[in-house]
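Chemist: Got a structure for you, written out below as structure tokens; questions coming shortly.
The values are calculated or read from the model by the stated rules, or taken from the named source; none is laboratory data. Keep in mind that what you see is a predicted model, and the values were worked out from it rather than measured. As a convention, Cβ positions derive from the backbone with ideal geometry for all residues, glycine included, and neighbour counts pool all protein chains shown.
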Amino acid sequence: MEQVFIKTSTDPYTVFVGKNNLHQLQVLLKEISPSNVLVITDTNVNELYGDSLVNLLGESFVTHKYVIQSGEAAKSFETFYEVQTFALGHQLDRKSVIVAFGGGVVGDLAGFVAATYMRGIDYIQVPTTLLAHDSAVGGKVAINHPEGKNMIGAFFQPKGVVYDISLLSTLPANELRSGFAEVVKHALIKDEEFLHILINEIQALENLNEDQLQLMVLKGIRIKADVVSTDEKELGIRAILNFGHTLGHAIEAESGYGKLSHGDSVAIGMLFATWLSQKHLKANVPYEVLQQWFSKLGFPTDIPPTLSTDALVKRMQKDKKSHANQIQMILLKNIANTTSEVFTKEQMYSLIEKWRGG
Ligand code: NAD
Ligand code: MG
């Protein structure tokens, strides 16, 4: 089992990454010695692994379980309220611990419940998706508001993260691809050697073995942890994690959430940002190589024709990371060397049109 230490301004914590390593969760919990434990999971993860986790924890702790509906819609005020009501009804107190057992949806919701229940109780992340290498580290927890995704939330660090790679074997192909996009993002912004390993070794996303998955999770977490530990509250350097996301978010939102996965949208966004880096900064980046590789892996490589450039630019301008009339883009000076550039909406419109025109 591998460990990554995460530095924070409050308590540091450890991410344990391994195969069949859920016993580590028990070890962590024993150190905290909680009055009781609430496992929050979703319908899919519950069906596959819910009983075995609850049985394991039940050997040592009074363990309750709350199952939310799978999918982004569960990051709502309604579900948040239901979980809080369940916690109150089951006598969770300030010494209780919440275990977030699932992907980013469960992690974000359960983390926000933990951040606010009785002004904050301990929680542990037990991620079950590849994308969660991104969401389980960094301490951002949130639910959605009808006015926008992740608008209501907090910065609240977990007591630890237990990442069992073996659980990823049941992940549907599109979810694996979505998580892989963020792995590639982390490589592009921070680790050239890792990027080359990925491009050379990963020719398909079916039949990835546990060693390959473990490497992706570990490297991805190390890079993310490195960035967030220098900028916990997202005031500066952390913006580089937004690479591919300015256009990616716009595509995801404009096509209607759920139609195109986050990772697929970000993949298109990363291709555009790489192309723009080459055109605008004369950066030495392998745009064509990336494009061919993405296409081989099953990612879309163009903006869907049904989406208008005008609508996308409007969305990009509304991004909570952009200001006034300007659109901020993270670009690459080289692989693993980012910079931030600002464009007007007129400039962005013609650049996207040019890219789409081929
Ligand atoms: P998810 O939690 O919805 O999981 C994806 C799907 O896979 C769900 O249907 C889930 O039930 C299923 N699933 C999960 N684990 C499984 C397993 N082992 N086997 C089979 N099926 C499994 O989505 P996600 O992609 O993990 O996370 C997306 C969410 O993460 C978004 O809400 C996003 O906003 C959030 N996010 C947060 C951060 C952060 O810093 N907090 C960062 C990135 C993303
Ligand atoms: Mg993302």
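Chemist: Looking at (1) modelled with pLDDT of 95 or more; (2) under 15 Å from the mean Cα position of the chain (by Cα), which is the only condition Ala225 fails?
Modeler: (1)
Chemist: With (1) over 23 Å from Glu175 (Cβ atoms); (2) out of contact with any Lys or Arg (no Cβ under 9 Å at 6 or more places or on another chain); (3) without any contact (Cβ under 8 Å) to a residue 24 or more places away in the chain; (4) among the polar types (S, T, N, Q) as the list, and Gln326 as the residue in question, which single condition is left unmet?
Modeler: All conditions pass for Gln326, except number (2).
Chemist: Inspect all residues belonging to the stretch 147-170 and state whether any of them is assigned to a helix (DSSP H, G or I), near ligand 1 (Cβ under 10 Å from one of its atoms) and in contact with a Ser or Thr (Cβ under 8 Å, 6 or more places away or on another chain).
Modeler: Yes, the stretch 147-170 has at least one match.
Chemist: Continuing with this model, one more query. Answer yes or no: is there a residue in the stretch 179-193 that is within 15 Å of ligand 1 (Cβ to nearest atom), more than 24 Å from Tyr287 (Cα to Cα) and in contact with a helix residue (DSSP H, G or I) (Cβ under 7 Å, 6 or more places away or on another chain).
Modeler: Pass one, the stretch 179-193, residues within 15 Å of ligand 1 (Cβ to nearest atom): 179-186, 189.
Within this subset, residues satisfying the condition of being more than 24 Å from Tyr287 (Cα to Cα) are none.
No, the stretch 179-193 has no match at all.
Chemist: Residues in the stretch 89-112 that are touching a residue at least 60 places away in the same chain (Cβ under 8 Å) and either within 15 Å of ligand 2 (Cβ to nearest atom) or out of contact with any Lys or Arg (no Cβ under 7 Å at 6 or more places or on another chain) (or both): how many?
Modeler: Matching residues across the stretch 89-112 total 12.
Chemist: Follow-up question, since we're still on this one. Go through the stretch 39-78 and report how many residues are among the hydroxyl-bearing types (Ser, Thr, Tyr), in contact (Cβ under 8 Å) with a residue 60 or more places away in the chain and either within 16 Å of ligand 2 (Cβ to nearest atom) or under 17 Å from Ala115 (Cβ atoms) (or both).
Modeler: 1
Chemist: Filtering the stretch 194-224 down to residues that are in contact with a Lys or Arg (Cβ under 9 Å, 6 or more places away or on another chain), surrounded by fewer than 19 Cβ atoms within 10 Å (Cβ to Cβ) and touching a residue at least 60 places away in the same chain (Cβ under 8 Å), which residue is nearest to Val17 (Cα to Cα)?
Modeler: Filtering the stretch 194-224 for residues that are in contact with a Lys or Arg (Cβ under 9 Å, 6 or more places away or on another chain), surrounded by fewer than 19 Cβ atoms within 10 Å (Cβ to Cβ) and touching a residue at least 60 places away in the same chain (Cβ under 8 Å), the one nearest to Val17 (Cα to Cα) comes out as Glu210.
Chemist: Mind counting the residues in the stretch 57-89 that are more than 16 Å from ligand 1 (Cβ to nearest atom), part of a helix (DSSP H, G or I) and not charged (D, E, K, R)?
Modeler: 9
Chemist: So, one more: Check Ala181 against each of (1) closer than 22 Å to Ile6 by Cβ; (2) touching an Asp or Glu at 6+ places or on another chain (Cβ under 9 Å) and name the one condition it does not meet.
Modeler: (1)
Chemist: Answer yes or no: is there a residue in the stretch 123-141 that is more than 9 Å from ligand 1 (Cβ to nearest atom), over 20 Å from Thr8 (Cα atoms) and either touching a residue at least 40 places away in the same chain (Cβ under 8 Å) or not in a strand (DSSP E or B) (or both). Steps first, please.
Modeler: Looking only at the stretch 123-141, we keep the residues that are more than 9 Å from ligand 1 (Cβ to nearest atom), and these are 123-126, 133.
Okay, now just the ones that are also over 20 Å from Thr8 (Cα atoms), so none.
Scanning the stretch 123-141 turns up no residue that is more than 9 Å from ligand 1 (Cβ to nearest atom), over 20 Å from Thr8 (Cα atoms) and either touching a residue at least 40 places away in the same chain (Cβ under 8 Å) or not in a strand (DSSP E or B) (or both).
Chemist: Next question, about the same structure. Could you pull out the residue among Leu290, Leu247, Leu297 that is more than 16 Å from the chain's Cα centre (by Cα) and closer than 18 Å to Met348 by Cβ?
Modeler: After applying the criteria, what remains is Leu247.
Chemist: Any residue in the stretch 213-228 that is within 23 Å of Lys318 (Cβ to Cβ), away from ligand 1 (no atom under 16 Å from the Cβ) and outside any loop (DSSP other than H, G, I, E, B)?
Modeler: no
Chemist: Can you tell me which residue in the stretch 258-269 is surrounded by the most Cβ atoms within 10 Å (Cβ to Cβ), limited to those that are within 13 Å of ligand 2 (Cβ to nearest atom) and in contact (Cβ under 8 Å) with a residue 60 or more places away in the chain?
Modeler: This residue is Ala267.
Chemist: Still on this model: If a residue must be farther than 23 Å from Glu254 by Cβ, within 16 Å of ligand 2 (Cβ to nearest atom) and of a type outside the set (Lys, Arg), how many such residues does the stretch 113-152 contain?
Modeler: Residues in the stretch 113-152 being farther than 23 Å from Glu254 by Cβ, within 16 Å of ligand 2 (Cβ to nearest atom) and of a type outside the set (Lys, Arg): 10 in total.
Chemist: For the stretch 162-173, give me the residue count where each residue is in contact with a helix residue (DSSP H, G or I) (Cβ under 8 Å, 6 or more places away or on another chain) and in contact (Cβ under 8 Å) with a residue 60 or more places away in the chain.
Modeler: 6
Chemist: Residues that are more than 13 Å from ligand 2 (Cβ to nearest atom), outside any helix (DSSP H, G or I) and either touching a residue at least 60 places away in the same chain (Cβ under 8 Å) or β-branched (Val, Ile, Thr) (or both): does the stretch 181-193 have at least one?
Modeler: Yes, some residue in the stretch 181-193 is more than 13 Å from ligand 2 (Cβ to nearest atom), outside any helix (DSSP H, G or I) and either touching a residue at least 60 places away in the same chain (Cβ under 8 Å) or β-branched (Val, Ile, Thr) (or both).
Chemist: Exactly one of these conditions fails for Val141: (1) buried (at least 24 other Cβ atoms within 10 Å of the Cβ); (2) over 25 Å from Asp226 (Cβ atoms). Give me its number.
Modeler: (2)
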